[in-house]
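First up is the structure itself, then whatever we jot down about it.
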Amino acid sequence: QQFGVNFLAALFKNLRTDVLPIVSSRVEDLSALAQAQKLYNPQLRFKFWPLDKFDRIKNLDSLIIADTSLSRWADLRSWHEYGNSAFSLIGITHTLSSAASLKSLMSIIGSDIQPWDALICTSSCAREAVDHVLDFQAKRLAPRFGGYLNRHLLPKRPVIPIGCDFARFCNLAKPSSRFIARNKLHILPDQIVFLSVGRLELQAKSHPGVLLQAMSRMAIGRQSNYPGSPPPCLLVLGTAQ
């Protein structure tokens, strides 16, 4: 949820247009979007397109989708009067471990996705995971249909990490703020701190195993170079779903 809020804030702050087309099933679903618009770009106007008129949408270069469900929108786009060339679709990987995300990735194979569409991968690991799922699904379907994976028809998969608004954390970076925070949390002045921020859900979100392995290697290396130094500290911030 926080990722979506920050994405909208960045989008509205950096738009170079006065009108933003919005596709939704109901105007009532845009209340949160309207709040962000008033906060970050009050001059911006929305052009609402209901789903039942999606085949007639105009003046659209690309449609940004906040998840991996490209195939669903590609199916809707195929009914447009200009077909799959009407506009491009841009999805983004957020969580890749949930059943819904895996299902949407697998559905890309055999859909009307085109090479001018894109699925933004938020890390190189996400890109590898996406490619693995696509390859798996293609190999699974090949014996049934006697085909093969046509990579020329896959969406582009650029790696673009999730941005961070550093201005929000400027005050926290002040030496006085760091001293107060360490004192409250009983963290030594020379103790290295790892911070993990995210939803506490092992299956659908980030698993802490990789982070713990990295901390272990770092602790061993630090003890070799600085004997007697305090062990690293891990702070976990998040909510369970």
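Scan the chain and note any complete DSSP helix (H) whose C-alpha atoms cover at least 20 Å along its axis and whose Kyte-Doolittle average is -0.5 or more. Those that clear 20 Å and a mean of -0.5 are 124-145, 209-225. Computed log10 I(q)/I(0) for segment 1-68 at 0.22, 0.28 Å⁻¹: -1.10, -1.53, from the Debye equation with unit scatterers placed on every C-alpha and solvent omitted.
Give the label of the value calculated from the structure for Rg/Rh (Cα atoms, Kirkwood Rh), choosing from [x] 1.40; [y] 0.96; [z] 1.05. So the calculated entry is the one marked [z].
Quick one: net charge of F87's neighbours, Cβ under 10 Å, K/R +1, D/E -1? Local net charge: 0.
With the largest listed first and rounded to whole Å, the semi-axes of the equivalent ellipsoid of segment 39-85 from the Cα gyration tensor are 23, 14, 9. Heavy-atom surface analysis with a 1.4 Å probe gives segment 35-84 a carbon and sulfur content of 48 percent of its accessible area.
Using the Cα centre as the reference, give the magnitude of the dipole from point charges on the C-beta atoms of segment 49-148 (Lys, Arg: +1; Asp, Glu: -1; all else neutral), rounded to the nearest 20 debye. Walk me through the intermediate numbers first.
On the way: 10 positive and 11 negative charges, 43 e Å.
Charge dipole of segment 49-148: 200 debye, to the nearest 20.
If R₀ is 35 angstrom, what is the calculated FRET efficiency for the pair M218 and V5, using the beta carbon separation as r and rounding to 0.05? Please report the intermediate quantities before stating the final value.
Numbers: r = 32 Å, r/R0 = 0.91.
Taking R0 as 35 Å, the efficiency between M218 and V5 is 0.65.
Take the Cα of S229, go 7 Å toward its beta carbon, and the backbone nitrogen atoms of segment 175-210 under 15 Å from that spot belong to 188-194.
Each of F136, L96, L188 was scored by the projection of its Cα onto the charge dipole of the chain, and the greatest displacement toward the positive side belongs to L188; charges sit on the C-beta of Lys, Arg, Asp and Glu. Can you pull the one-decimal nm distance between simple spin-label points at S85 and A100, each 7 Å off the Cα toward Cβ? About 3.5 nm, to one decimal.
What does the accessible area per residue of the chain come to in Å², with a 1.4 Å probe and no ligands, DNA or RNA counted?
67
A simple charge model with +1 on the Cβ of Lys and Arg, -1 on the Cβ of Asp and Glu and nothing else charged puts the dipole of the chain at about 500 debye relative to its Cα centre.
Can you show me the helix-derived [θ] at 222 nm for the chain, built from DSSP H runs with n ≥ 4 at -39,500 (n - 2.57) apiece and divided by the number of residues, rounded to the nearest 500.
Result for the chain, helices only: -11500 deg cm²/dmol.
Placing +1 on the Cβ of every Lys and Arg and -1 on the Cβ of every Asp and Glu, with nothing else charged, gives segment 1-82 a dipole about its Cα centre of roughly 280 debye. On segment 154-221, 67 percent of the accessible area sits on carbon and sulfur atoms, based on a 1.4 Å probe. The trypsin sites (Lys or Arg not before Pro) found in segment 9-109 that occupy coil by DSSP, while having at most 10 further C-beta atoms within 10 Å, are R16, R26. Legend: Rg and Dmax of segment 23-107, from Cα coordinates, 14.4, 40 Å.
The values are calculated or read from the model by the stated rules, or taken from the named source; none is laboratory data. Remember, predicted model here, so these are calculated numbers, not experimental data. Cβ: placed from backbone, ideal geometry, glycine included. Neighbour counts: every protein chain shown. Accessible surface areas use protein heavy atoms only, side chains included; no ligands, DNA or RNA. Shrake-Rupley method; radii C 1.70, N 1.55, O 1.52, S 1.80 Å.
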